[in-house]
Amino acid sequence: MDINFNLEKDIVFFDIESTGLNVLKDRILQIALIKYTNKSALPEELFLFINPGIPISEEAFAVHGISNEMLRNKPTFEQVGKQIYEFIGTADIGGYNSDRFDIPMLMEEFHRIGLDFDISKRRLIDVQKIFYKMEPRTLKAAYRLYCGGNLDDAHDALADARATVEVFKGQLRKYENVDYIDGDGFSHPAPIKNDIAAIAEFVSDSSMLDVTQRLKYNAKGEVIFNFGKYTGQLVSHVFKTEPNYYYWIIEKDFSAQVKQIVKNIFDEMKKQK
């Protein structure tokens with residue numbers, strides 16, 4: 001059964017292909033947008049090839065098969081950016097893994113041509129997050145999947161600890177010599193192996209504020225630097241003692257997202273003086 005979206009405002013689902021995975025330095029070379037509105041039962045679509053102006057990485061080409069030669073006579077983003085911007089308008093945004101990749105890359109492309117793509121008042125629907133949240137991630141579910149049985153004593157500490165060990169052993173058996181394909185289609189050779197250090201690296205995940213991982217939260221939920229000479233130090237403290245560091249970030253090659261975050265922190269500090 002088909003579903004008609006219950007919309008308060010327009011929503012645009014989109015996906016991009018790019019020259020690589022660096023949201024700052026790589027470029028969009030293909031974009032598809034599908035807009036749903038209350039005004040029409042049928043969605044409106046926009047599909048474009050874009051000349052990125054830079055070489056396509058071999059890794060990216062292996063995923064999407066789009067070559068520089070295929071894009072030689074296509075318009076640049078500067079030429080079609082306004083069309084894309086106006087197509088989206090004030091709509092909410094949907095995609096798959098879009099919060100981490102597609103949206104920040106699109107924001108950077110708009111920023112280069114002088115368009116401010118503000119997401120603060122848009123609802124963001126990352127379908128991947130729905131998938132991750134709704135699929136069971138409990139110990140019971142893991143035990144059933146990897147051990148082929150039911151965990152009857154769940155939430156008894158010793159039983160859960162023993163079950164966790166059995167689940168881990170089951171994962172080592174199930175994923176031995178199994179390659180991992182990430183969300184962007186790249187293959188990682190057999191990351192699950194009987195090697196604690198390798199597995200720890202595979203599953204590690206810090207609380208990053210931005211997609212370039214320049215800023216993160218510490219254990220207290222405070223914003224700290226994740227790069228350079230002030231790594232681990234509070235952003236607000238560094239700006240108080242060395243305000244020129246803020247201006248250095250604004251002037252240098254950092255993402256528009258990072259610059260906006262530090263600007264908000266800096267402006268809030270000025271208000272409190």
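Quick note: the coordinates plus some simple rules give every number you see, no bench work behind them. Since the structure is predicted, the reported quantities are computational estimates derived from the model, not experimental observations. Cβ coordinates were reconstructed from backbone atoms using ideal geometry, including for glycine residues, and neighbour counts include every protein chain displayed.
Taking segment 196-260, which GluC sites (Glu not before Pro) meet the DSSP loop condition and have no more than 13 other C-beta atoms within 10 Å?
Passing both the DSSP loop test and the Cβ count: Glu222.
Testing the spin-label approximation: label points 7 Å from Cα along Cα→Cβ at Asn73 and Glu268. State their distance in nm.
So the label points at Asn73 and Glu268 sit 5.3 nm apart.
If you take the beta carbon distance between Arg173 and Asp152 as r and set R0 to 30 Å, what does 1/(1 + (r/R0)^6) give as a FRET efficiency, to the nearest 0.05?
0.85
Can you list the equivalent-ellipsoid semi-axes of the chain, largest first and in whole Å, using the square root of 5 times each Cα gyration tensor eigenvalue?
35, 28, 22
Given the options Phe117, Phe77, Phe225, state which has the largest fluctuation in a GNM of the chain using a 10 Å cut-off (strictly under) for Cα springs.
Highest fluctuation among the options: Phe225.
What number does segment 215-272 give for Rg over Rh if you use C-alpha atoms and the Kirkwood radius?
On the Cα set of segment 215-272, Rg over Rh gives 0.92.
Return the whole-Å distance between the Cα centroid of segment 46-100 and the Cα centroid of segment 216-239.
So the two Cα centres are separated by 34 Å.
Strictly over 29 Å apart at the Cα level, which of Lys133/Lys174; Lys121/Lys229; Lys25/Lys169; Lys133/Lys220 would you flag in this model?
Violating the 29 Å limit, Cα to Cα: Lys121/Lys229; Lys25/Lys169.
Short version: what are the Cα gyration tensor semi-axes of segment 1-147, square root of 5 times each eigenvalue, largest first, in whole Å?
Output for segment 1-147: semi-axes of 29, 23, 14 Å.
Setting aside same-chain residues fewer than 8 positions from Lys271, which aspartates and glutamates have a Cα under 19 Å from its Cα?
Lys271 reaches Glu222, Glu242.
In nm, to one decimal, how far is the Asp2 label point from the Glu166 one, both placed 7 Å along Cα→Cβ?
4.8
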